[in-house]
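What follows is a set of notes on a single structure, which appears directly below.
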Amino acid sequence: MTLMRLDKYLSDATAFSRRELKSLIRSGQVHVGGKVIKSPEYQVESDSQVTLKGEAVCYRKFVYLMMNKPAGFISATEDGNAPVVTELLPEEYRHFGVFPAGRLDKDTEGLLILTNDGQFAHQITSPRKQVWKRYFARLDASASAGDAEIFTHGMDLGDFIAAPGHLIVTGIPEEVFVEITEGKFHQVKRMCAKVGKNVIYLKRCAIGGLTLDGKLQPGQCRELTADELEMLKDAPLPPLEETALR
Ligand code: URA
C-alpha cells in the first residue's frame, strides 16, 4: 500500500486536473472513509475509500490495454502530421498517460499493447527478454521451404544481425506467419525482402502467449486481465490455429 496526497490520488484515478481537484476538495466534495476532507495535502492510502461528488473513486496507477491497431495510425502519443494510436483511446483511459509498448509501422495492423507502466513495457519489448511476436504477412510472391530455412539461421540486415526466427508458409504460398523475438525498425519487412519478397499486408497476431482478441474491431481496445498480463511476459506463442484466421 502506498501513502500519498489526496489530490495526487485523485489525479491518478480521475480525468480532473490537479487544479480542478484542489478546488473540488476545498469545496467539500471529497470524502475519505465517510468523512469530508478539505485539504489537498491530506494523506491517503491507495486502498482508502474515497468518494468524489458522492461517487466512489477506484484508484489505480497503472493501466494495460490491448488494441487492434488499424492501418493509418502512428504508434506514438503525438506526431506533427499523422494521426496517432492514442487518439483512438476511449475517454476513460485518456488521463492515464499510456504509450505504446513497442511499435507497429503506420501501415501495420493488429495487436498493440498500451500502458503507462514503463517497467512492464520494457519487459515485453526488450530483445533480451526474448518475448516472441507473431505476424501474419501477405507477400507479393510465394514463399518457399528454402526461405523458411533461411529464417531459422537469422540474417544480416546490414545495421544488425536478426536473431533466428520462423517463417511458416500457410496453405496459400503468398501468406505466411513470421515469428521473431526482436522488434527493430521494419524488421519483418526487411527479413522478407532479404529472401526476395515484399510484404504487402502485415498484422501482428500474438505477443508471448497473448493472442489479439478477435472481437476487437480495428481501432478498439480493452483492458488486459491479470492472466493475460502474465501470458505476455513469459508464455510461448499460442498454437497457430488460434491466430490463423485473424
Ligand atoms: N516488422 C515490420 O516490418 N513492421 C512492423 O510494423 C512490425 C514488425
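Annotations
- Between residue 61 and residue 119, residue separation times 0.36 nm minus the direct Cα-Cα distance comes to 19.6 nm.
- Cα gyration tensor shape for the stretch 1-93, rounded if a/c is under 1.5, else prolate or oblate: prolate
- Beta bridges per DSSP with both ends in the chain, % antiparallel, nearest 5: 95 percent
- Nitroxide proxy distance, nm - points 7 Å out along Cα→Cβ at residue 174 and residue 106: 2.4 nm
- Shape category assigned to the stretch 149-246 from the gyration tensor of Cα positions, a/c cut at 1.5: prolate
- The label point for residue 149 and the one for residue 186, both projected 7 Å from the Cα toward the Cβ, are 2.8 nm apart.
- With viscosity 1.567 mPa s and temperature 4 °C, the Kirkwood radius over alpha carbon pairs of the chain converts through Stokes-Einstein to a diffusion coefficient of 65 µm²/s.
- Normalised contact order of the stretch 1-110, rounded percent, pairs of Cα under 8 Å and 6 or more residues apart: 24 percent
- Difference of contour (0.36 nm per residue) and Cα-Cα distance, residue 141 to residue 226: 26.5 nm
- Mean Cα-pair separation over length for the chain, i.e. relative contact order, pairs under 8 Å, 6 or more apart, %: 18 percent
- The residues neighbouring residue 93, those whose beta-carbon lies less than 14 Å from its own, together hold a net charge of -2 under the Lys/Arg +1, Asp/Glu -1 convention.
- Within a Gaussian network of the chain (alpha carbon springs, distance under 10 Å), most fluctuating of 120, 16, 73: 16
- When each of 8/215; 61/189; 8/203; 133/215; 194/215 is checked by Cα-Cα distance, pairs over 31 Å: 8/215; 61/189; 8/203; 194/215
- The order of 77, 108, going from fewest to most other C-beta atoms within 10 Å of their C-beta, is 77, 108.
- Residue exposure proxy: 234, 117, ordered by other Cβ atoms within 10 angstrom of their Cβ from fewest to most, comes out as 234, 117.
- Under the membrane-span-like helix rule (DSSP H runs whose alpha carbons stretch at least 27 Å along the helix axis, mean Kyte-Doolittle hydropathy 1.0 or higher), the chain yields none.
FYI, it's all coordinate maths here, none of it is from the lab. None of these values were measured; they are calculated from a predicted model. Ideal geometry is used to build each Cβ from the backbone, glycine not excepted, and the neighbour counts take in all protein chains shown.
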